[in-house]
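Visitor: Structure in C-alpha cells, see below.
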Amino acid sequence: MNRTGIILLVEDNPDDVELTLRAFERSQVVNQIVVVTDGQAALDYLHRTGAYTDRDAGSTPAVILLDLKLPKLDGLDVLRRLRADERTRRIPVVMLTSSREDSDLLRSYDLGANSFVRKPVDFASFIEAARHLGLYWLILNERPPDGAA
Amino acid sequence: MSLVLVVDDSLTVRMDLADAFEAVGVRAVPCATLAEARRALELEPVELVVLDVLLPDGDGVDFLRELREAPQSAHLPVLVLSAEAEVKHRIRGLETGANEYVGKPYDRGYVVARARELLHARQAPGTDRAPVLIIDDSITFREELRELLQRGGHTVLSAGSGEDGLRLIAAQRPGALLVDGVLPGIDGATVIRRVRLDAALRGLPCILLTASEDRGAELLALDAGADAFVRKDEELEVILARLATVLRHAEQRPPDQAASTLGPKKILAVDDSPTYLHELAAALRAEGYDVVPVRSGEEALELLAVQAVDCVLLDLVMPGLGGHETCRRIKAVPVMREIPLIMLTALEDRGAMLEGLSVGADDYIAKSADFEVLKARVRAQLRRRQFEDEHRRVRERLLQKELEATEARAVRELAETRAGLVAELERKNRELEAFSYSVSHDLRAPLRSIDGFSQALLEDHADALGPRGRDYLGRVRAAAQRMAELIDDLLELSRVSRAELCVGRVDLSALAQAVVAELRRREPERTVTVDIEPGMEMAADRKLMRIVLENLLGNAWKFTSRAADAHITLGTAATEDGAGWAVCDNGAGFDVTFADKLFRPFQRLHSVSEFSGTGIGLATVQRIIDRHGGRVWADATVGAGAIFTFTVAQRQGAGGAGR
C-alpha cells in the first residue's frame with residue numbers, strides 16, 4: 001500500500017464517516033484518511049484556505065471520496081470548483097453516495113468525476129467496495145507527476 | 001353574353017320573350033320544335049331553356065327528362081312555360097327536374113326576372129354549397145341516392161345510423177338532411193326532433209324518407225318537424241325535386257335583394273271555384289305576379305312539396321281538406337311556416353276568422369269582386385315577410401357573432417385550463433422526482449447505519465452478545481437489507497413510469513442470454529436448462545425491456561429452485577393481440593384464481609420464507625408493457641409451472657433507429 005497517499009473523505013453523516021473508516025480498516029487500507037464534513041471545508045483543505053491555511057503543501061490527497069449531498073456546498077459544486085482550479089483539477093475524485101439516479105451519475109461524470117460508487121446497505125459489500133477503491137486508486141492507478149498536481 | 005333557348009310553338013310567345021330577353025342584354029334563340037331545340041343545343045353552349053310542354057313534335061317534359069339524363073345538360077336550368085292548367089302537370093314537370101314552372105298566360109317581366117335569377121344562381125360558385133347528408137341504414141340505397149344527388153350537383157355526406165348522422169350534422173353543418181324513418185338506433189323522426197331542438201341547427205331543411213304506405217307516417221314526420229316527406233317507393237327523382245324545393249324555401253336571398261319587394265313573386269291561389277280563381281289570377285298577373293291556381297287543399301299541399309312560393313291565398317270553405325286544415329298543415333312545415341298565408345272567405349264570419357288566425361293564417365280577407373283590397377293585402381304581406389326576413393337576418397348575424405364570441409371564449413378558456421393542467425402536471429412530476437430522490441438517498445442512509453453497526457457489533461462483541469444476541473442482530477441486518485431491496489424496487493417502479501421511452505430495435509434473444517448469464521453468475525450452484533428462441537427481435541425501449549426480462553426470467557429462475565429438473569423457455573407466442581413472447585417454467589406455479597392480483601404492487605402469492613421477493617417486480621413489468629401499448633398476463637398450475645405472456649404495440653418504422 002502507498003503509505004504517503006492521503007485519502008480525503010468529504011462526508012457529513014457521522015455514521016457514514018465511522019462506517020467508511022471501519023470499512024477501510026477492515027480491508028487493510030492503512031493510508032491516512034482526512035475527514036471534512038462539508039463542501040466548504042473540503043475546498044479550504046484543498047486550497048489551503050480558512051482553517052487549513054497552515055496545511056503542509058505535501059499533504060495533497062491521492063484521492064478524494066466525495067458525497068453528493070453535503071451542507072453549504074454540495075458534492076457537485078465542490079467537484080465543479082475542483083475541476084476549475086489549476087491546483088486540484090487532476091486529483092482523482094470518486095463520488096461515494098447513496099444515489100443511483102441517472103441524473104446524478106451523468107452530472108458527476110460531466111463535471112469530471114473519475115468514478116461513481118454507490119454505498120451499499122450491506123456492510124460486507126461496503127467493505128468489498130472499500131477494498132477495491134483502495135487497491136485501485138492508491139496502488140494500481142498512476143498519479144500525475146509531483147508538481148503537476 | 002348569356003344564351004337562352006325559347007322553345008315554344010307559338011310565334012307570339014317566341015317573339016315576346018325574345019324581345020324581353022334582348023331588352024335586358026340576354027341573347028335568345030327561338031325554337032318552334034324540339035328538333036330545332038336539339039340542333040341549337042348542339043351548335044353553341046346554352047345557359048337556360050324556356051320550355052313549352054305541348055309541342056308539335058313531342059312532349060316538353062319528356063324532352064326535359066332527356067336533358068336531365070345527359071351529363072352535359074343535367075344541371076342546365078330549365079323554366080317550363082305551360083298552358084296546362086292541371087296541377088298534376090305542373091307537379092310532373094317539377095318532379096322531372098324543372099327549375100321553375102310558369103303557367104300561361106304569363107307575365108313576361110316575371111319570366112325574365114326568374115330566368116335571370118336562375119342564370120345568376122348558375123354563375124354563382126357551386127362549390128361552397130353545403131353538402132346534403134343522407135342517413136339510411138341500407139348502404140345500397142345510400143349509394144343510389146348519393147349518385148343521384150351528385151348528378152344533381154350536390155356534394156353528399158352519408159351515415160348509417162341516426163347517432164352517426166347527428167355527430168356529422170354537428171361537425172359538418174350540412175345544407176340539408178335526408179333521413180330514413182326507420183333506423184336501427186334512434187329513428188328518423190327523433191333525429192329531426194333533435195335537430196329542431198338545437199338553436200344552431202334549427203334551420204336545417206329536413207326530409208323524412210319512409211318505406212311505409214301508411215299515411216300516419218306523414219303526420220308523424222310533420223309532427224317531428226320535417227319539411228317534406230318522401231316515400232321510398234316513389235321515383236328517386238321526386239326526392240331531388242322535394243330537396244330543391246326545401247332548399248329554395250330555406251335559402252337566404254343575397255343581401256342586396258333582401259330589402260327589395262320588386263323581385264319576381266309567385267303566388268299560390270287555392271279555391272274550389274274556377275270562376276273566382278280565374279278572376280283572381282288575372283288580377284294578380286296584372287300586378288306582375290306569377291300565379292299558380294289550384295282547386296283544392298290536397299292539390300295545394302302536393303304542389304308545395306315541389307314548388308316554392310312567396311305567398312298563399314287560401315279559400316276557407318272547400319270540399320275535402322278545408323282551408324283550416326290545409327293552413328294548419330302548411331304552417332306545420334318549418335320551411336313553409338314563414339310563407340305569408342291569406343285566408344279568403346265569402347263569409348263575414350268573426351268566428352271563422354278567429355279560427356283561421358288561430359291555425360296560423362297571417363291575414364284574413366272577405367272575397368269580393370273588387371281586388372284592390374286583396375292586392376294591397378298581398379303587397380303588405382310580402383313586405384312584412386321581407387321585413388321579417390331582414391330582421392331575422394340581423395338577429396341571426398348578431399346571434400352568430402355572439403356564438404362566435406362564445407366559442408372563441410370557450411376555446412381560450414380550454415387552452416388556459418389545458419396550460420394550467422400541463423403546468424400542474426409538470427410541477428407534480430418535479431415534486432415526485434424530488435421525492436424519489438430523497439427516498440433513494442435519505443431512506444438508505446439509516447439502513448446503512450443499522451446494517452453496518454450490527455455487523456460491527458457482531459465482529460467486535462460476538463462473545464458478549466451470546467448466541468441469542470447474535471441471532472437477533474442477524475435478524476436486524478436481514479430486515480435492513482430487505483427494506484433496502486424494497487426501496488430499490490419501488491424506485492425502479494417509479495423510474496419506469498417516468499423515464500422517457502427510447503424505442504429502437506431490440507434483439508430480445510441476446511438480451512435474454514445476457515440476463516440468464518447474470519442469473520447463473522449469481523447462483524453458480526444451480527442447474528437450470530434455459531432455452532431461448534434465437535433471432536427474436538422487437539421494437540421497444542431496450543433498457544426497460546431488460547427490466548422486464550430480469551423480472552420474468554428472474555421469477556422463473558426463483559420459482560424453479562425446488563424443481564427437480566428446472567427448465568425455463570423464452571419464445572415467440574401467437575396471441576389474440578398478434579405476435580407476443582412467453583416465458584415458461586416448470587416451477588412452483590400459482591393458483592390462477594389470483595392471476596390478476598400478481599400485477600399489483602406488494603401482492604405476493606408465496607410467503608417470503610418460501611420464496612424471497614418484494615412483490616413489486618411484476619407491477620414494474622406491467623407498467624413497462626403498458627407504456628409500450630401492450631399487455632401482459634399469466635397462466636399457471638400449482639406445482640407444475642407458470643407462463644407469462646406479453647405483447648407490445650406494433651410500431652410504424654420499427655426497423656428504423658430509435659430516438
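The values are calculated or read from the model by the stated rules, or taken from the named source; none is laboratory data. All values reported here derive from a predicted model rather than from experimental measurement. Every residue, glycine as well, gets a Cβ built from its backbone with ideal geometry; the counts of neighbours run over all protein chains shown.
Visitor: Can you confirm whether residue B:336 is at pLDDT 80 or above and touching a His at 6+ places or on another chain (Cβ under 7 Å)?
Guide: yes
Visitor: Do you know which of the residues in segment B:483-512 that are at the interface with another protein chain (Cβ under 10 Å from one of its Cβ atoms) and acidic (Asp, Glu) is farthest from the chain's Cα centre (by Cα)?
Guide: Ranking the candidates gives B:485 first.
Visitor: Mind checking whether some residue in segment A:104-114 is within 14 Å of another protein chain (Cβ to nearest Cβ) and surrounded by fewer than 17 Cβ atoms within 10 Å (Cβ to Cβ)?
Guide: Yes: segment A:104-114 contains one or more residues that are within 14 Å of another protein chain (Cβ to nearest Cβ) and surrounded by fewer than 17 Cβ atoms within 10 Å (Cβ to Cβ).
Visitor: A further question follows. Output the number of the condition that residue B:495 fails; it satisfies all remaining conditions of (1) within 22 Å of residue B:599 (Cβ to Cβ); (2) in contact with a Leu (Cβ under 8 Å, 6 or more places away or on another chain); (3) in contact (Cβ under 8 Å) with a residue 40 or more places away in the chain.
Guide: Single failed check for residue B:495: (2).
Visitor: Still on this model: Out of B:533, B:525, B:518, which single residue is in contact with a Gly (Cβ under 8 Å, 6 or more places away or on another chain), surrounded by fewer than 16 Cβ atoms within 10 Å (Cβ to Cβ) and modelled with pLDDT of 90 or more?
Guide: B:533
Visitor: From B:447, B:490, grab the single residue that is farther than 21 Å from residue A:13 by Cα and either touching a strand residue (DSSP E or B) at 6+ places or on another chain (Cβ under 8 Å) or in a helix (DSSP H, G or I) (or both).
Guide: Values: B:447 fails: farther than 21 Å from residue A:13 by Cα.
B:490 is the lone residue from the list that is farther than 21 Å from residue A:13 by Cα and either touching a strand residue (DSSP E or B) at 6+ places or on another chain (Cβ under 8 Å) or in a helix (DSSP H, G or I) (or both).
Visitor: Right, something else. What is the residue count in segment A:115-139 for residues that are among the basic types (Lys, Arg), touching a residue at least 24 places away in the same chain (Cβ under 8 Å) and in contact with a strand residue (DSSP E or B) (Cβ under 8 Å, 6 or more places away or on another chain)?
Guide: Pass one, segment A:115-139, residues among the basic types (Lys, Arg): A:118-119, A:131.
After this cut, where a residue has to be touching a residue at least 24 places away in the same chain (Cβ under 8 Å) as well, the list is A:119, A:131.
Narrowing further to those that are in contact with a strand residue (DSSP E or B) (Cβ under 8 Å, 6 or more places away or on another chain): A:119.
Counting residues in segment A:115-139 that are among the basic types (Lys, Arg), touching a residue at least 24 places away in the same chain (Cβ under 8 Å) and in contact with a strand residue (DSSP E or B) (Cβ under 8 Å, 6 or more places away or on another chain) gives 1.
Visitor: Can you run down the residue pairs with Cβ atoms below 7 Å, 6 or more apart or on separate chains, where the first is in segment B:1-15 and farther than 14 Å from residue B:112 by Cβ and the partner is buried (at least 19 other Cβ atoms within 10 Å of the Cβ) and basic (Lys, Arg)?
Guide: B:8/B:14
Visitor: Are any of the residues in segment B:472-482 more than 19 Å from residue B:620 (Cβ to Cβ), facing another protein chain (nearest Cβ under 10 Å) and among the β-branched types (Val, Ile, Thr)?
Guide: no
Visitor: All but one of (1) within 14 Å of another protein chain (Cβ to nearest Cβ); (2) exposed (fewer than 14 other Cβ atoms within 10 Å of the Cβ) hold for residue B:462, so report the exception by its number.
Guide: All conditions pass for residue B:462, except number (1).
Visitor: Say whether the condition of being under 49 Å from the mean Cα position of the chain (by Cα) and in a loop (DSSP other than H, G, I, E, B) is met by at least one residue in segment B:364-387.
Guide: So far as segment B:364-387 goes, no, none of its residues is under 49 Å from the mean Cα position of the chain (by Cα) and in a loop (DSSP other than H, G, I, E, B).
Visitor: Can I ask one more? Output the qualifying pairs, or none if there are none: Cβ atoms under 7 angstrom, residues six or more apart or on different chains, first residue in segment B:475-488 and farther than 16 Å from residue B:452 by Cβ, second residue outside any helix (DSSP H, G or I).
Guide: B:485/B:614; B:486/B:614
Visitor: The conditions are (1) within 18 Å of residue B:436 (Cα to Cα); (2) within 11 Å of chain B (Cβ to nearest Cβ), and residue A:127 fails exactly one of them. Which is it?
Guide: The one condition residue A:127 does not meet is (1).
Visitor: Are any of the residues in segment B:438-454 under 23 Å from residue B:599 (Cβ atoms) and within 13 Å of another protein chain (Cβ to nearest Cβ)?
Guide: yes
Visitor: So, restricting to strands (runs of 3 or more DSSP E) that lie completely within segment B:493-588, which ones have at least 2 residues that are in contact with a helix residue (DSSP H, G or I) (Cβ under 6 Å, 6 or more places away or on another chain)? Walk me through how you get there before you give the answer.
Guide: On the way: elements: B:503-507, B:529-532, B:537-541, B:567-575, B:578-585.
In segment B:493-588, the matching strands (runs of 3 or more DSSP E) lie at B:529-532, B:567-575, B:578-585.
Visitor: Let me ask something else about it. Going residue by residue through segment B:45-54, is there one that turns out to be under 45 Å from the mean Cα position of the chain (by Cα), charged (D, E, K, R) and surrounded by fewer than 21 Cβ atoms within 10 Å (Cβ to Cβ)?
Guide: Of all residues in segment B:45-54, those under 45 Å from the mean Cα position of the chain (by Cα) come to B:45-53.
Narrowing the set further to residues that are charged (D, E, K, R) leaves B:47, B:52.
Checking which are surrounded by fewer than 21 Cβ atoms within 10 Å (Cβ to Cβ) leaves us with B:47.
Within segment B:45-54 (the criterion being under 45 Å from the mean Cα position of the chain (by Cα), charged (D, E, K, R) and surrounded by fewer than 21 Cβ atoms within 10 Å (Cβ to Cβ)), the answer is yes, since at least one residue qualifies.
Visitor: From the list B:70, B:35, exactly one residue is surrounded by fewer than 15 Cβ atoms within 10 Å (Cβ to Cβ), without any contact (Cβ under 8 Å) to a residue 12 or more places away in the chain and among the small types (Gly, Ala, Ser). Which is it? Walk me through it before giving the result.
Guide: On the way: B:35 fails: without any contact (Cβ under 8 Å) to a residue 12 or more places away in the chain.
One residue alone meets the criteria, B:70.
Visitor: Residues in segment A:24-46: is at least one more than 24 Å from residue A:84 (Cβ to Cβ), assigned to a helix (DSSP H, G or I) and out of contact with any helix residue (DSSP H, G or I) (no Cβ under 7 Å at 6 or more places or on another chain)?
Guide: So far as segment A:24-46 goes, yes, one or more of its residues are more than 24 Å from residue A:84 (Cβ to Cβ), assigned to a helix (DSSP H, G or I) and out of contact with any helix residue (DSSP H, G or I) (no Cβ under 7 Å at 6 or more places or on another chain).
Visitor: Restricting to helices (runs of 4 or more DSSP H) lying wholly in segment B:139-237: which have 1 or more residues that are at pLDDT below 75? Reasoning before the result, please.
Guide: Values: elements: B:139-151, B:162-172, B:188-197, B:215-224.
Ranges flagged: B:215-224.
Visitor: Which of (1) in a helix (DSSP H, G or I); (2) in contact with a helix residue (DSSP H, G or I) (Cβ under 9 Å, 6 or more places away or on another chain); (3) within 21 Å of residue A:22 (Cβ to Cβ) is the odd one out, the single condition residue A:132 does not satisfy?
Guide: Result: residue A:132 passes all but (2).
Visitor: Hey, another quick one. Inside segment B:378-395, can you point out the residues that are touching a residue at least 60 places away in the same chain (Cβ under 8 Å) and closer than 30 Å to residue B:366 by Cβ?
Guide: Answer for segment B:378-395, where residues must be touching a residue at least 60 places away in the same chain (Cβ under 8 Å) and closer than 30 Å to residue B:366 by Cβ: B:378, B:379, B:381, B:382, B:383, B:385, B:386, B:389.
Visitor: Criterion first (of a type outside the set (D, E, K, R), under 52 Å from the mean Cα position of the chain (by Cα) and not assigned by TED's automatic domain parsing to the domain that holds residue B:558) does residue B:436 satisfy it?
Guide: Spelling it out, residue B:436 is indeed of a type outside the set (D, E, K, R), under 52 Å from the mean Cα position of the chain (by Cα) and not assigned by TED's automatic domain parsing to the domain that holds residue B:558.
Visitor: Okay, next question. Are any of the residues in segment A:90-99 assigned to a loop (DSSP other than H, G, I, E, B), more than 13 Å from every other protein chain (Cβ to nearest Cβ) and closer than 18 Å to residue A:131 by Cα? Give the steps one after another, and end with the answer.
Guide: Taking segment A:90-99 as the starting set, the residues that turn out to be assigned to a loop (DSSP other than H, G, I, E, B) are A:90-92, A:98-99.
Next cut, more than 13 Å from every other protein chain (Cβ to nearest Cβ) only: A:90-92.
Cutting the leftovers down to closer than 18 Å to residue A:131 by Cα gives us A:92.
Yes, that holds for at least one residue.
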